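J.: For reference, the structure I am asking about is given below.
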Amino acid sequence: MDLPKKYDTKTSETKWAEFWEKEKIYAFNPKSKAEIYSVDTPPPTVSGKLHIGHAFSYSHQDFVIRFQRMLGKNIFYPFGTDNNGVATERLIEKTRKIKARNMPREKFSKICLEELEKNLIPQYEKDMKGLGISCDYNIFYTTIDPHCQKISQKSFIELYKKGREYRKDAPAMWCPECETGISQVECTDIEMDSTFSDIIFKINGKDLIIATTRPELLPACVAVFYHPKDKRYTKLKGKKAKVPLFDIEVPIMPDERADPEKGTGIVMCCTFGDQTDMEWQKAYNLPIKEAITKDGKMTEITGKYKGMTIKEARKQIIHDLEQAKLLVSKKPIKHAVNVHERCGTEIEFVKSKQWFIKYLDLKKDMIKWGKKLNWYPQHFISRYNNWIQGLQWDWLISRQRYFGIPFPVWYCKKCNEVILAKEKDLPVDPLKDKPPVNKCPKCNCTEFIPEKDVLDTWATSSLTPRLSIELMPAALQKKLYPMNLRPQAHDIITFWLFNTVVKSNMHYKTNPFKDVMISGWLLDPKGKKFSKSKGNVIEPYEVINKYCADALRFMSAGSKLGEDLPYQEKDVVTGMKTITKLWNASKFSFIHLKDYKKEKPAKIEFFDKWILSKLNKLIKESTESFKKYEYSRVKLDIENFFWHTLCDNYLEIAKDRLYNPDKRGTEPRKSGQYALYETLLSIIKMHAPIMPFITEEIYQNFFKKLEKDKSIHTSKWPEFDFKKIDQKIEETGDALIEIIAEVRKIKTANSKPLNTPLSELTIDCSKDLQNLIKPSLEDLKAVTKAEKIEFGKGNIKIRENLKIDLRI
């Protein structure tokens, strides 16, 4: 079949996406005996629509998975969405113009589920298919569905019984904007403008100057600390300081955690400004004073500042200190502030009852678990290790939100005994379901209080291997776990990867996967992170509509694994040029392969051996690169071979034999057909993981009738044949390519067309090289248009011991 003159990207990409789905090209086969390759697919967070970063990193994993499929493996590549977190909750509030806090949880959850099922999830799935992501979309989960709720609640119950979970009424990190407790992993440091204020405390009427950036916490001050070796303050031991504006006295005590170099060297302890405040409160059994409410307002103990926001109170208190002449100085500073990564709000420490997973005692084990993983690139293990070494808190897993997986817990109203749901009853919602007992096993009370909090989304997302695997029959699950691959971006090593490793080892005493493939970020053209507030966001569907999905994937393959890449439209344009070149090279080739019957010729011509040798080296190197997840190396190598070795050189050299069998004979043409077929098919196959649509189109239009595979993506990856490697022929052929290039250069310099005949071409080289060149002379004559080629003296140096001369 002749290819159309021009490749229609829009029609083709739609057609093949529908074909793959209809024919179940990417379906996992539970009955197959082929080697399984299982993937812990990252479930995108449903917070709007697929963004350019998704297109970038999901393409990376898809390159590798398509390659593994072409190795003949049975690919387990599920598709899931992560939608039980605060991002989804806020999206629904925004799109539906509602507030979760103003309605029953059950009603809000129902609205969320309706919006997800009708609009959000189908759009994500459509976008992923349009990008060519080769998941088995029938192996589907969403982290809020009953299947996932059951697994998540079961995990909670198991860890509670193992003694790994506890509930505690204690200060915890809190986001006043989202009104929920958060874990250490959900915090990030950003540099913010602030003010360092030197404030006067009084000791028996004398001034004691203390520096702070949080004057709004003065009403919660419970002590003042200095370093025991700081001679400026040792005389104050045992005395009391009067807190300005609030007329309260607090003890002055020595403690090594006070930093003599910071501020004035003496510091106030408030409940709670930071972790050190919490440590001091616990160590010295200090009272707890709560100055900030859970929604970020000042409490009753702050007096006239009650009801103000934190920033309003800060500003007013500084003003009042100035008026009372209790402010010595204030200077603007920039300092790192802990904020909630979801909304950018400064973190507070609020006393509340929260559930935790105990894991600080496992830090040494966590390091060992990380060492057992195969990291690609290897250096990202340091980010994992650094996170573990910096851990200061157990994992806070309860959230004061409205849309999420409920804790399977009730409490005895009288003695507060924890009542767990029965596994057979999961999933449960304590707000509407009854506990599994009629009376408390501890005190016989018959009244119970349901837990209102929901599980942290990462407590469920850390179970993604199980969420997908447990959709399969029980007998198959052991073959799928541990999984072969966890692909993900580098920014969530401390979120998703770390927590998944921890949960798996707590439950199953094994890592959840073997290989970890870490992608970088796609940045804007100036190397900045994409952000709606900066107005630099690029929508993937806009790029696909302007160009095509293959071109966007081609651009994505230009990033080395783990490295960030600034988006450059010219790289997408290069992808389009490659698509056009593949099309045109295939169109030319198919003209000469119409009568090819896939028969090996009796004799293979010199330049056919040359390209087949180079091709097999490329196959070997690309296979090795793909196995190490170095898709960018594969792209670079196959592009170089395709554009230069095949198109610039081989097609031009073989053209005469292919066009003129009457002149050159049928056997040389058959040799050319054999080499061209093998080379083009291999190049199309090696492009297939990166550009699946154009390669399918080319395969279906010609190769399928001879190869018989339903799709190029289920065909066999090219096999390396060491027998076809011939180093001497390669070196000789490379020398001849240099001669051809020089002839072209001379013709161009003399304003002659490249098809201008040469009356004679003289090659000056060693006897050994002469003997190696002789089998190629007919092809060399044809491509240079030389009437005669002789060996003799030459004046134009090509390289050491190789010269030429020519007459036009």
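J.: As I understand it, the value is the acute angle between the Cα axis of helix 569-593 and the longest principal axis of the Cα atoms of the chain; what does it come to in degrees, rounded to 10?
T.: 30
J.: So how do 449-455, 553-559 stack up, highest first, on mean other-Cβ count within 10 Å?
T.: Ranked from most to least packed, the peptides come out as 553-559, 449-455.
J.: Set the bar at 27 Å for Cα to Cα. Now go through 235/297; 31/514; 5/594 and name every pair that lies beyond it.
T.: 235/297
J.: Provide the gained length on full extension for the span residue 49 to residue 452, in nm with one decimal, where the gain is 0.36 nm per separating residue minus the Cα-Cα distance.
T.: Stretched out fully, the residue 49 to residue 452 stretch lengthens by 142.1 nm.
J.: Would you work out which of 140, 225, 85 lies farthest towards the positive end of the dipole of the chain, given +1 charges on the beta-carbon of Lys and Arg and -1 on that of Asp and Glu, about the Cα centre?
T.: 225
J.: Extending each Cα 7 Å along its Cβ direction at residue 329 and residue 530, get the distance between those two points in nm, one decimal.
T.: Spacing of the two 7 Å Cα→Cβ label points: 4.7 nm.
J.: Enumerate the residues in the range 508-537 having an amide nitrogen under 20 Å from the point lying 7 Å beyond the Cα of residue 570 toward its Cβ.
T.: Those under the cut-off are 522-528.
J.: Here is a further query. Dividing the Cα radius of gyration by the Kirkwood radius, what Rg/Rh value follows for the range 201-345?
T.: 0.95
J.: Going highest first, how would you order 315-321, 795-801 by mean Cβ packing within 10 Å?
T.: 315-321, 795-801
J.: Right, next: Check cross-link reach from residue 229 to the aspartates and glutamates: straight Cα distance under 15 Å, and skip same-chain residues fewer than eight apart.
T.: 255, 256, 259, 261
J.: Next up: Rounding to the nearest 10 and keeping the result within 0 to 90°, find how far the Cα-based axis of helix 105-115 lies from the longest principal axis of the chain.
T.: It works out to around 20 degrees.
J.: Here is a follow-up. About the Cα centre, and with charges only on the beta carbon of Lys, Arg (+1) and Asp, Glu (-1), how big is the dipole of the range 551-701? Nearest 20 debye, please.
T.: I would put it at about 480 debye.
J.: Zone of residue 113 (label point 7 Å along Cα→Cβ, backbone N under 19 Å): which residues in the range 396-423?
T.: So the set is 401-409.
J.: Under unit Cβ charges (Lys, Arg +1; Asp, Glu -1), what dipole magnitude, rounded to 20 debye, does the chain have relative to its Cα centre?
T.: The calculation lands at about 900 debye.
J.: Filter the GluC sites (Glu not before Pro) in the range 256-303 to those in DSSP coil with at most 16 other Cβ atoms within 10 Å of their Cβ, and list the result.
T.: 256, 261
J.: If only Cα atoms are counted, what is the Rg of the range 536-619, and what is its Dmax, in Å?
T.: In order Rg, Dmax, the Cα atoms of the range 536-619 give 18.6, 60 Å.
J.: If you don't mind, there's one more thing I want to ask. So for each of 675-683, 131-139 I average, over its residues, the number of other beta carbons within 10 Å; can you give me the resulting order with the highest mean first?
T.: 675-683, 131-139
J.: Also, quick follow-up: Between residue 393 and residue 510, take the C-beta separation as r, use R0 = 30 Å, and let me know the FRET efficiency to the nearest 0.05.
T.: Efficiency, from the Cβ-Cβ distance: 0.70.
J.: Okay, moving on. Just list whichever of 546/685; 22/570; 129/614 have alpha carbons separated by over 28 Å in the model shown.
T.: Cα-Cα > 28 Å for 22/570; 129/614; rest within.
J.: On to the next question. Which of the listed residues, 376, 75, 284, is farthest toward the dipole's positive end in the chain, when Lys, Arg count +1 and Asp, Glu count -1 at the beta-carbon?
T.: The listed residue farthest towards the positive side: 284.
J.: Another question, if that's okay. Rounded to the nearest 10 degrees, what's the angle between the helix 275-284 long axis and the longest principal axis of the chain, both from Cα atoms, 0 to 90?
T.: Approximately 40 degrees, to the nearest ten.
J.: Would you please name the trypsin sites (Lys or Arg not before Pro) within the range 470-536 that are DSSP coil residues with at most 15 other C-beta atoms within 10 Å of their C-beta?
T.: Hits after loop and neighbour filter: 509, 526, 528, 529, 532, 534.
J.: Turning to a different aspect of this structure: Once you wrap a convex hull around the alpha carbon atoms of the range 267-349, what is its projected area averaged over all directions, in nm²?
T.: Result: a mean projected hull area of 6.8 nm².
J.: Can you return the lysines within cross-link range of residue 363? Criterion is Cα-Cα under 16 Å, with same-chain partners fewer than 8 residues away left out.
T.: Hits, sequence-local ones excluded: 371, 372, 503, 509.
J.: Separate question: Of 208, 30, 718, which is farthest towards the positive pole of the chain's charge dipole, taken about the Cα centre with +1 and -1 on the beta-carbons of Lys, Arg and Asp, Glu respectively?
T.: 30
J.: Kindly flag which residue pairs out of 655/774; 534/577; 240/289; 33/598; 154/452 have an alpha-carbon separation exceeding 25 Å in this structure.
T.: Going by Cα-Cα distance, 534/577; 33/598 fall outside the 25 Å limit.
J.: Another question, if that's okay. Say R0 is 41 Å: what FRET efficiency, to the nearest 0.05, do residue 97 and residue 207 get from their beta-carbon distance?
T.: Rounded to the nearest 0.05, the efficiency is 0.15.
J.: Something else: How big is the Cα convex hull of the chain in projection, averaged over all directions, in nm²?
T.: 44.9
J.: Applying 1/(1 + (r/R0)^6) with R0 = 22 Å to the Cβ-Cβ distance of residue 479 and residue 710, what FRET efficiency is obtained, to the nearest 0.05?
T.: Taking R0 as 22 Å, the efficiency between residue 479 and residue 710 is 0.35.
FYI, it's all coordinate maths here, none of it is from the lab. Remember, it's a predicted structure, so these values are computed and weren't measured experimentally. Cβ sites come from the backbone with ideal geometry, for glycine too, and all protein chains shown count toward neighbours.
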